[in-house]
Amino acid sequence: MILAQDPTLENFGTDPFWLVLLKVVAVFVLLVVMTLFSIVFERKIVAYMQARKGPNRVGPRGYLQSLADGLKLALKEEIIPALADKPVYFLAPVLSAVPAFLAFSVIPFGPMVSIFGHQTPLQLTDLPVGVLIWFACIVALGLLMAY
């Protein structure tokens with residue numbers, strides 16, 4: 001059943017750059033926040049199964065523990081092995097992470113909405129499925145480059 005508010009192919013590619021950038025940042029922030037909370041809840045469930053408290057030091061009831069762990073990981077000194085190919089060593093995780101985030105660009109989060117007077121669908125783009133399969137191959141390539 002197609003609603004009047006459902007986006008069609010004509011609704012994509014006409015948004016101004018700032019609106020596309022706003023939607024990209026919103027999707028990225030949503031994914032990062034959901035990942036952080038998923039990790040905290042997983043740690044709390046595992047702690048409950050093991051009859052211990054779990055993360056409870058950072059933030060209210062330990063909910064900011066994943067954020068603290070992520071900041072610690074980002075600020076650690078990077079150690080590159082002496083015999084590693086430096087560009088490949090850097091690009092391998094990037095080629096694995098970027099397509100994983102890009103896969104969320106085709107997921108519709110809602111109907112057509114008005115953002116600052118612009119009618120826009122709540123998804124970044126409408127791509128053929130073949131492109132997603134290509135992105136999946138790039139993820140596999142990034143994993144192979146990591147070895």
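The numbers here are math on the coordinates, done by the rules we state, and not lab data. The shown structure was predicted, so the numbers you read here are calculated from the model rather than taken from an experiment. All Cβ positions, glycine included, derive from the backbone under ideal geometry; neighbour counts span all protein chains shown.
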Sorted by Cβ neighbour density within 10 Å, fewest at the top, the residues 79, 39: 79, 39
Two-site label geometry, residue 43 and residue 126: point separation in nm, points 7 Å out along Cα→Cβ: 4.2
Gained length - residue 32 relative to residue 17, 0.36 nm times residue gap less alpha-carbon distance: 3.2 nm
85, 15, 69 arranged by Cβ crowding within 10 Å, fewest neighbours leading: 85, 69, 15
